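Reading through the structure tokens given below for one structure.
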Amino acid sequence: MKTTESGCNAASFTSLALAVSAALLSAQAVAQESQAAPGQLEEIVVTAQKRSQALEEVPIAISAFTGEELTGGRVLSVNQLSTMVPGMRVDSQGGASQPTIRGVGTATAGAGATSNIAVYVDGFYVPDQYDTDLQLLNLKSVQVLKGPQGTLFGRNATGGAILLETLDPTFEPSLAMQLTGANNNDYLVDGYGSIGLTDRIAVDAAVVYRQGDGFLKNIATGASDDGRFDRRTYRLSGLYKDDDGLKVKLAYSYTSSHEPIFSAMAAWKGNSLAAVYGPVAGPALGIDTIIATDDYKVSNTAPTAYSTDSSGVFLTIEKDFGGIDFKSLTMDRTSHSRTQIDLDSSNLPLFAVQFRPESSTFSQEFDLTGKSGKFEWVVGAYFMAYDNKFDYLDATQALVPITPPAPPYFAVAQFPIYNWIETKDDAYAAFADATWEVVDNLFLTAGLRYSYEDVSAQVKGLYVPQANIFVDIPEWSDSWSNTSPRFVARYQLDADSNVYASYSQGFKAGMLQPSSFTTDPVNPEKISAWEVGYKTGRSTLQFAASAFYYDYKDMQVASFNGTTAFYVNAAASTIYGADVQLTALVTEGLTAGLSAAYTHGRYDRFPDSQARDLNMTSPTYLKVIPGSDASDNPLMRTPEFTATATLGYEHPLPEGTLQLNADYY
């Protein structure tokens, strides 16, 4: 089947969005960003090494954006970031967000399955794939780190990390409101306000609400609102600061969304059970078989739905001890979702499923950072308890005899696949990263992360149709550990330019897969990455280029066989390529950007690759072919070439500023 890519999801629309903003702003800007001097580009500051640094000084391939750059209807959620970041692609499997960077990503979701691209909000890791398509509200910056982040953001980040940083509450009163409209009755309202309650306590609130009819056309029913959606998110936070370097921030966030687009499926090249059973089932029901195959079109008649509710509490404590900074990050987060999918992608009631994923996460991290002369360092410890559960999985399946002499008839059965499956993951890590200027302008960095993961799983009420009974698979467990290093050499050519070379390793823990109803574990995957790059950040020109080579071992590759999702390891893969990013101030007020990425990815050795039988005359049609081999085939979700071009214009008005943006991806 063919799921709708996130470039076409409910957070995206193929129209020109007109944004009207009204704001009452204090002298202290809501964005809390230093403004560029007239005739100069704004300096980009990133935290990719857990300390604030100029972008050109960080020896990592990064695409970074301020909150202002992402407003005005350009990018509204994490899933849309791919249109701004060459080399990155974001897909959806049901409601699960699945980023891929430079060929490294995850292709399915299930109990215990986490992404290779780690998503962090204010330093807090979000493991649940059903939670990572976050609304981008009250943002200070977004940073997309390419390549394995094995030391500082190492929890399963073999492909990269997405860092979202929200604004701190301001002590001066501020208020900003925005209304965005597009076709298909697509409306978005967001607002942000902040105020100081005392000279040490400030609070803020951010709200986003969006609704629309979507852009799906149901060719079976004629409906044009099958993609109707609504999403609301709000975030409240309080900040305490004293004169002795103590900073405490407590935040609460909540998201509720109903977006059937995530469950809407067309049939890839017409491959559907309806192609085989339609000649019998159609006449039995007195209807013609209809199978949607085009983008933005569906033909489902079974219920299609996706909804989620998630919330979290986040506590950040920072203290400056005079040259050494301490940070504590404590998170408690829960999520509940519901999904219904018409898997045959036709107007026949052949195959549909419904399930309810839920998760809870508690994490605690401690960081110490310091600088002494020409030596900078970070050390930290991390713990996470992640409980991921699919509360049930029900299926509706048609029973259609297609072999004579049985008479044509059509019967539908609804039955449970299981009552629930669950995994529990306790993850521990300790890490350190240090940079030393050994001689003038030559910086050497070394980092190390030790990870240990203890995972357990169980299955309750697995239905055995042959015996018409339910059985349990008692709890089983496994554990994995790893030590990942990082080495970097950076040379500062002048005050604004740097070259670098790096070697790093990434590690994604092994996993148990109760959704496959097997107790056999999936091996951990490991990646070794080499990268060289050049960066410059001048007043009217920002440029970065990098080339990379990845040696990828035991890549975890997922597939579905009916209602069963399961993983295998691709023994060896190779990925290499290059990317460039250029931003230029053409003239005062007019900025142009161009970025591009080339990625070559192949499975070097991939026996037992789960290839699917697409021969409609075969009795195993759409089933996995045992013993298939995908060696030397291209990696999934890895376009060879991607590019983005942008134009931005700003002009001051007597009241406010006129902003015009045009983007092409």
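The values are calculated or read from the model by the stated rules, or taken from the named source; none is laboratory data. The model shown is predicted, which means the values in this text are computed figures rather than measured ones. Here the Cβ is made from the backbone with ideal geometry for all residues, glycine too, and neighbour counts use every protein chain on show. Remember, those area values only see protein heavy atoms, side chains included, never the ligands or the DNA or RNA. Shrake-Rupley method; radii C 1.70, N 1.55, O 1.52, S 1.80 Å.
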Item to check | Looking only at the range 309-328, and only at residues there that are small (G, A, S) and within 28 Å of the chain's Cα centre (by Cα), the one that is most open to solvent (accessible area, probe 1.4 Å) | outcome: S311
Next on the checklist: Take the conditions of a type outside the set (V, I, T) and open to solvent by less than 10 Å² (accessible area, probe 1.4 Å) and apply them to E525. Does it pass?
Outcome noted: yes
Checklist entry - Among the strands (runs of 3 or more DSSP E) confined wholly to the range 359-470, which include 2 or more residues that are modelled with pLDDT of 95 or more and under 15 Å from T151 (Cβ atoms)? => result 375-399, 420-439, 442-464
Item to check | Answer residue from the range 553-569, given it is among the aliphatic types (A, V, I, L, M) and over 19 Å from G147 (Cβ atoms) and is modelled with the lowest pLDDT among those | outcome: A565
Next on the checklist: Anything in the range 296-308 that is open to solvent by 60 Å² or more (accessible area, probe 1.4 Å) and either under 30 Å from T166 (Cα atoms) or at pLDDT 85 or above (or both)? List them, or say none.
Outcome noted: Y296, K297
Item to check | D520 vs. criteria in contact with a strand residue (DSSP E or B) (Cβ under 9 Å, 6 or more places away or on another chain) and of a type in the set (D, E) | outcome: no
Checklist entry - Under the condition of being touching a residue at least 40 places away in the same chain (Cβ under 8 Å), closer than 23 Å to L41 by Cα and hydrophobic (A, V, I, L, M, F, W, C), which residue from the range 566-596 is surrounded by the most Cβ atoms within 10 Å (Cβ to Cβ)? => result L585
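To keep it simple, each residue is scored yes or no on (1) touching a Phe, Trp or Tyr at 6+ places or on another chain (Cβ under 7 Å); (2) touching a residue at least 12 places away in the same chain (Cβ under 8 Å); (3) loosely packed, with under 14 Cβ neighbours inside 10 Å.
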| site | (1), (2), (3) |
| --- | --- |
| Y452 | yes, yes, no |
| A457 | yes, yes, no |
| Q466 | no, no, yes |
| I469 | no, no, yes |
| P474 | no, yes, yes |
| V488 | yes, yes, no |
| A495 | no, no, yes |
Checklist outcome for this item: S257 vs (1) within 21 Å of L137 (Cα to Cα); (2) of a type in the set (S, T, N, Q); (3) open to solvent by 10 Å² or more (accessible area, probe 1.4 Å): all pass except (3)
Checklist outcome for this item: Within the range 619-658, residues of a type in the set (S, T, N, Q), in a loop (DSSP other than H, G, I, E, B) and without any contact (Cβ under 8 Å) to a residue 24 or more places away in the chain come out as T620, S628
Checklist outcome for this item: Residues in the range 541-569 that are farther than 21 Å from V85 by Cα and either hydrophobic (A, V, I, L, M, F, W, C) or out of contact with any Lys or Arg (no Cβ under 7 Å at 6 or more places or on another chain) (or both) total 15
Checklist outcome for this item: Note on the range 421-442: residues of a type in the set (D, E) and either open to solvent by less than 30 Å² (accessible area, probe 1.4 Å) or farther than 23 Å from W377 by Cβ (or both) are E422, D425, D426, D433
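Here is a check on your reading of the model: is F543 at positive phi, out of contact with any Pro (no Cβ under 8 Å at 6 or more places or on another chain) and surrounded by fewer than 22 Cβ atoms within 10 Å (Cβ to Cβ)?
no
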Next on the checklist: Take the conditions open to solvent by less than 30 Å² (accessible area, probe 1.4 Å), of a type in the set (D, E) and within 30 Å of T519 (Cα to Cα) and apply them to D613. Does it pass?
Outcome noted: yes
